[in-house]
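> Can you keep this structure in mind? I'll have questions shortly.
The values are calculated or read from the model by the stated rules, or taken from the named source; none is laboratory data. Keep in mind the model is a prediction, meaning the values are calculated, not measured. Because the Cβ atoms are built from the backbone with ideal geometry, glycine has one as well, and the counts that use them run over all protein chains shown.
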Amino acid sequence: MSCKGEGIMQTKIIYEDAHILVAHKPAGLATQSSKVGQKDMVSELKNYLAGQHSVLKNGQNNKGIKGAPYLGIIHRLDQPVEGLLVFAKTKEAAGKLTAQLTGGTINKQYYALVCGKPAKDTGEIVDYLRKEANLAKVCDSQDKEAQKAVLQYRVLSHKILEDTGSITLLDVHIDTGRFHQIRAQLANAGWPILGDGKYGNTQSDNISKNLKIRNVALYAYRLELKHPFTGKQIEFIIEPNMILAS
C-alpha cells in the first residue's frame, strides 16, 4: 500500500479501511512517546491520517471535516520489539476492539529467539508479575499487587553454537497482556530473549553480541481479530527480519 508521506514513515501500513488500521512497527520505534522530539508510531499515523483527512479522492480540499482525525490505541509493543498492531479509526471501533482484547479474542502470536532450550517442546508458563519502575518482577502468588501472567510456547527450531551455548526459536502465545510479560516470563524460566538488555544474563548478552543482535529478538508476527463492524474474522501475518535458529 502506498500512502502520502510513506517514504519518511518508519511505520508500514498493512491494512486500512474506514474503521481500523493495521500497521507494522519496526524495532526501536516507540508505540507512543511522551518525550518531546522523539518519533513514535502514533504520531506518524496521526500525521498520515491528517493528510488523508484533508484531501478528498478527487484531490480537492475536504473543508467540511473539522478537528484532528481519531486514532484509538488498542494495544502496544515495547519500543525494542517489532511487529503488528491494530488501531481504531473511530471511537465505536475502539470500544469493540478493546472488548475483544479484554475478552481474549484478539489472537496475538510472537516469535522469540532465546538463549538455551526448554526441556519440553511445548508448555505453559504461569507467573505473577508486578511492575516496578520500568521492569516486570516475578513475585509470589500471594503478592496483592502482582497479576497472573499465562504464556504458552512451542519450540520451532534449535541451534547449538560453538563455545557459547545454544539458541532456540519459540512460537509464543499469551493469554494475558501484562507489562513486559513475554520478556520477563521467558527470562525467569531460564531462556532470556536475545538482545534484551533488561532481562538478559551474561550468556545471552554474549550470544547477542556475537550474532550482532541489537534489538530484542521478539516479533509479533501474527494478529487475528473480528472486524468490529463486519464481524468477519481477519488475520494478518508478516515474516520477521530477524535471525532464526536453523
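> Among the numbered conditions (1) closer than 21 Å to T31 by Cβ; (2) crowded, with 16+ Cβ neighbours inside 10 Å, tell me where N188 comes up short.
Of (1) closer than 21 Å to T31 by Cβ; (2) crowded, with 16+ Cβ neighbours inside 10 Å, only one is false for N188: (1).
Here is a yes/no grid of residues against (1) without any contact (Cβ under 8 Å) to a residue 24 or more places away in the chain; (2) touching a Leu at 6+ places or on another chain (Cβ under 8 Å); (3) crowded, with 21+ Cβ neighbours inside 10 Å; (4) under 18 Å from P118 (Cβ atoms):
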{"position": "D143", "(1), (2), (3), (4)": "yes, no, no, no"}
{"position": "A149", "(1), (2), (3), (4)": "no, yes, yes, yes"}
{"position": "Q152", "(1), (2), (3), (4)": "no, no, no, yes"}
{"position": "L156", "(1), (2), (3), (4)": "no, yes, no, yes"}
{"position": "E162", "(1), (2), (3), (4)": "yes, no, no, no"}
{"position": "H173", "(1), (2), (3), (4)": "no, yes, no, yes"}
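> Still on this model: Going through segment 63-119 one residue at a time, which ones are farther than 23 Å from I193 by Cβ, of a type in the set (A, V, I, L, M, F, W, C) and assigned to a loop (DSSP other than H, G, I, E, B)?
I65, A68, L71, I74
> Identify, by number, the condition in (1) closer than 19 Å to K232 by Cα; (2) at pLDDT below 95 that T98 doesn't meet.
Unmet for T98, out of (1) closer than 19 Å to K232 by Cα; (2) at pLDDT below 95: (2).
> Those residues that are modelled with pLDDT of 90 or more and either assigned to a strand (DSSP E or B) or touching a Gly at 6+ places or on another chain (Cβ under 6 Å) (or both), I need them from segment 1-39; list them, please.
Within segment 1-39, K12, I13, I14, Y15, E16, I20, L21, V22, A23, H24, K25, A30 qualify.
> Moving on. With (1) modelled with pLDDT under 95; (2) on the phi < 0 side of the Ramachandran plot as the list, and G67 as the residue in question, which single condition is left unmet?
Evaluating G67 over (1) modelled with pLDDT under 95; (2) on the phi < 0 side of the Ramachandran plot leaves (2) as the failure.
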